Amino acid sequence: MSGPSTYEPASGFTRWLDKRLPIIRLAHDSFVAYPTPRNLNYWWTFGAMLSLCLVTQIVTGIVLAMHYIPHVDMAFASVQRIERDVPFGWLIQNIHAVGASMFFLAVYIHMFRGLYYGSYKAPREILWILGCIIYLLMVVTGFLGYTLPWGQMSFWGATVITNILGAVPLVGESIQVWIRGGGSIDQPTLNRFFSLHYLLPFVIAGVVALHVWALHEAGQNNPAGVDVKSKADTVPFTPHATIKDLFAVVLFLILFATFVFYMPNALGHADNFIPANPLQTPPEIVPEWYLLPFYAILRAFDFNIGPIDSKLAGVIGMFASIGVLFVLPWIDTSRVRSMRYRPIARQFFLIFVVVCFILGWCGGQNPGLILAKASDFTATLTYVEGGQVVTQPVTAASEAQFDDAAAAAREALTAQGATMTAVA
């Protein structure tokens, strides 16, 4: 689609360099003269945001690694020292922590856009699979980073996730011991997690390079889902797409800065400000928000399915929810690419998005509370009036409505000089 290069070296040095290492020509053909469809909208700007996030996470991560101490007795204190004593450490720490959430926010929107407009269909199957690999690596990297502060949620989150690996038949226990470096979460575990967390972003950067290469080979999709046939239907990447990307990135940075400077801990968990204590389990163990849908799937199976126990069923369900993305190009056999022209598929897509939000909410809730809020319950008000016991059923759709009903009844009975008890 890109055709022959239009780059012309402007000086003797660039001509000399172009003959030996045409890196300037590569940049020109990829980000200046690259033909893009005319009808691209702002949903196509999230690639630029993701590139910015990746660079930001790598740079801030390298700086933090210079001060972080991967030791179970000093990791938590070293994070506090970075925030309090290292010059601008609080800023770097906040950018890195908030950057992880912004990274996942952008990648989820990027993936939803790809699903809606059929960017996984031929000839972009490899492009889609590489994107799924990037996402899977991001999930692993995000989880590993969440454990490094070595707070309560870090320690017990690592315990829960490594425990589920033991549910895998035959090799599960061996994998669990290998990842932990022993029978429990301890110093070898932190060493492994820190090393992998430092390494994986560079692996992600390499896969991103392949992702961009595959994009340039297959060409960009567009909202219509129809491949561009002639050069007249395209415009150069710069300035048309570049200006649009810059505008979207500025808005993204405003959101980013709002969290960094005004609410850096809004997306975290309070228990992670408590040093890890293997002898005290937190009341609730929840991962970061971007992993909550998978955590909800993992916890949803509290029953055995034939010979498959509940823990293994949860593991299978969790990994299947990611694995299905890899085979999606071959599951969807429709010849129409964009869901803009597929009303039934569009309805299923909207249902899928709603289900993802519901799973995210469920993943952060106590399972018992979910059941209480998901169904109506009946309470009985029993009180004594005029020497007689009176029982009055009250149906409420939620705990708040029940409290309101009980308060109203209590006020009415108090005015009559009666006494009341509530039995749920």
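What follows is calculated from the coordinates using simple rules that are stated; it is not laboratory data. Remember, predicted model here, so these are calculated numbers, not experimental data. Please note: Cβ atoms are built from the backbone with ideal geometry, for glycine as well, and neighbour counts cover all protein chains shown.
Total lysine pairs in the chain at Cα distances under 30 Å, for residues eight or more apart or on different chains: 7. Largest first and in whole Å, the equivalent-ellipsoid semi-axes of region 31-107 read 35, 11, 10, each the square root of five times a Cα gyration tensor eigenvalue.
Couplings 3J(HN,Hα) for region 218-223, derived from phi with the Karplus relation 6.51 cos²θ - 1.76 cosθ + 1.60 (θ = phi - 60°), are 7, x, 6, 6, 8, x Hz, where x marks Gly and Pro.
Shown for LEU170, LEU328, LEU148, LEU210: other C-beta atoms within 10 Å of each C-beta, ranked fewest to most, produce the order LEU170, LEU210, LEU328, LEU148. Which label marks the calculated value of P(r) over Cα pairs in 20 Å bins from 0, in percent, given the options (i) 20, 46, 27, 6, 1, 0; (ii) 22, 40, 30, 8, 0; (iii) 24, 55, 18, 3, 1, 0? Answer by label: (i). With Cα atoms as the point set, region 326-370 shows a radius of gyration and Dmax of 14.9, 45 Å. Summing +1 for each Lys or Arg and -1 for each Asp or Glu among the other residues whose beta-carbon sits under 11 angstrom from that of ARG342 gives +3.
Report note on the peptides 342-355, 120-133: ranked by the mean count of other C-beta atoms within 10 Å, highest first, their order is 120-133, 342-355. Projecting the Cα atoms of GLY145, LEU127, ALA248 onto the charge dipole of the chain (Cβ charges, centred on the Cα centre) puts LEU127 farthest toward the positive pole. Taking the C-alpha atoms only, the angle from helix 89-116 to the longest principal axis of the chain is near 80 degrees. log₁₀ I(q)/I(0) of region 190-314 at q = 0.19 Å⁻¹, via Debye over equal Cα point scatterers, no solvent, to two decimals? Each listed q corresponds, in turn, to -1.28. Close amide H contacts of VAL235 (hydrogens built in the peptide plane, cut-off under 5 Å, sequence separation of 5 or more or a different chain): THR36, ARG38. Seen against the Cα atoms of the chain and their longest principal axis, helix 125-147 is set at about 50 degrees.
Centre-to-centre separation between the Cα atoms of region 96-126 and those of region 223-253: 17 Å.
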